[in-house]
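The values are calculated or read from the model by the stated rules, or taken from the named source; none is laboratory data. Being a predicted model, the structure only gives us computed values, none of them experimental. Here the Cβ is made from the backbone with ideal geometry for all residues, glycine too, and neighbour counts use every protein chain on show.
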Amino acid sequence: METPPAAVTVPPETPPAIAATAAAVQSGKTADYRLARRAERIGTPLTPVPVTATTPEGEPAGAEPATSTRRQRDEAYIGTRIREGVEQGTTELRAEIDRLKQQVAAHAPPVVEREPPKAYDGLDPSDPKPRQDEFEDFSLFLDAREAWNERRIDRKTTMAAEQRRLTRAHETLTAAQQARVQTFADQLSKASAADPTFTDALTPEVRALRPFAALQPGEPGGPANVVAEQVFDSPIAPQVLRHFSEHPEALARLITMPPEIQAMPAAVQVSRQLQWIVKEFGKLEAALSAPATTATPLPTTLTHAPPPAQTLGSRPAPPVDPKAAAVKSGNTAAYRAIRRQERAAQLIRR
C-alpha cells in the first residue's frame, strides 16, 4: 500500500507593508510622521503599515500617488501662494503711493505765475522793449515802440561818444607819458655823456626810486614813490639824483614823515605829507638851479617856527590862487611845483 505524499503547506502570503514614516508621508499626517521618526531615532521603529490601508485619496497605502497629480497639486499650491503675495504687495504699494500723494498735496508749494522776460536792447535793462500785449490800443503800442527806439539810438550815440572820449583821453595820456619818459631818459643820457661816472656814482637807495607807474599791480606806494615822481618831472633830474647820492640824509628827510605831521589825525597825514614832500622838493630844486655865485644853502631841517601872528585890527588879505599868481608873475619854478603837487595828489587818490 502506497503512502500518499505529504501535503505541502504553503505559508500564507504576507501582505506588502511600508515603513510607518513612509505611510505617514503618504497620508499627510504630520503627527504620525514625527512619532515614526522619533521611534526610528531611538532604535524601535514602528510596525510597518500594510499596503492594504487606504490613503485619504482612496489609493493603496503602499502605492505612490500619481506623479502628474502630485505635480499639479504642488503647482496649484505654489501658484496660489505667489498670487496671494503679489496681490498683497500690490495692495501695500498702492496704499503707500496714495499716502505719498496726499502728503505732497498737503505741502505743495504755491504756484507763482511769472511774467515772461521782457526784451531790452542790451543797453538799459530798466527800459525794456514795449510789447503789444501791454497796450489795449495798437496805435499806443506803435507810439511807445517808436519812443523806445529813439531812446535806444540816443543811448548808443551817447555810449559811442563816451567811448571816443575815453579813447582820446587814453591816447593823450599815453603820449604824455611817453614824452615824459623820453625827456627823463634824454636828461640821463646827456648827464652820462658829460660825466661817464654819473651812473656808477648813484647810490643803491637812489637807484631804487621808482615812480608809481613802475609799481606792480597791487603793490602799495609810499613817500619814496612820491619823491621819484618829483625827480621824474624835474628839469634838473640828474643834479637831483647826484645830490641825493652825495647827501643821503636829504633823501631820507623827504621820505620820513615830519613830527608835526605825525601829530595830526591819521586821516590827513598822507595828504599833508604829500604836500610837504612837493613843497620841500621845490625848495631843493630851486637851490640846485640857482647860480653858484648866489647859491643859497640847501634846506636840511624843517623849521618849527609858528606862523606870524595877525595884529589886532588888521584885515586879512583876500585868498589868492597860487597857480594863477605863479602864471601872473612868470614864476615858472613855482608853477611846475604846483603842477607836480596836483599830479601826485591824483596818483594818491587812485
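Numerical summary
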item	result
One residue from 249, 229, 280 being acidic (Asp, Glu) and either more than 17 Å from residue 342 (Cα to Cα) or outside any helix (DSSP H, G or I) (or both)	249
Residues within region 196-214 that are exposed (fewer than 14 other Cβ atoms within 10 Å of the Cβ) and not hydroxyl-bearing (Ser, Thr, Tyr), tallied	8
Residue under evaluation residue 193, criteria (1) closer than 27 Å to residue 290 by Cα; (2) among the aliphatic types (A, V, I, L, M); (3) surrounded by 10 or more Cβ atoms within 10 Å (Cβ to Cβ), criterion not met	(3)
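This table checks each residue for (1) farther than 20 Å from residue 235 by Cα; (2) modelled with pLDDT of 90 or more; (3) under 51 Å from the mean Cα position of the chain (by Cα); (4) not assigned by TED's automatic domain parsing to the domain that holds residue 207.
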| residue | (1), (2), (3), (4) |
| --- | --- |
| 249 | yes, yes, yes, no |
| 253 | yes, yes, yes, no |
| 256 | yes, yes, yes, no |
| 263 | yes, yes, yes, no |
| 272 | yes, yes, yes, no |
| 279 | no, yes, yes, no |
| 287 | no, yes, no, no |
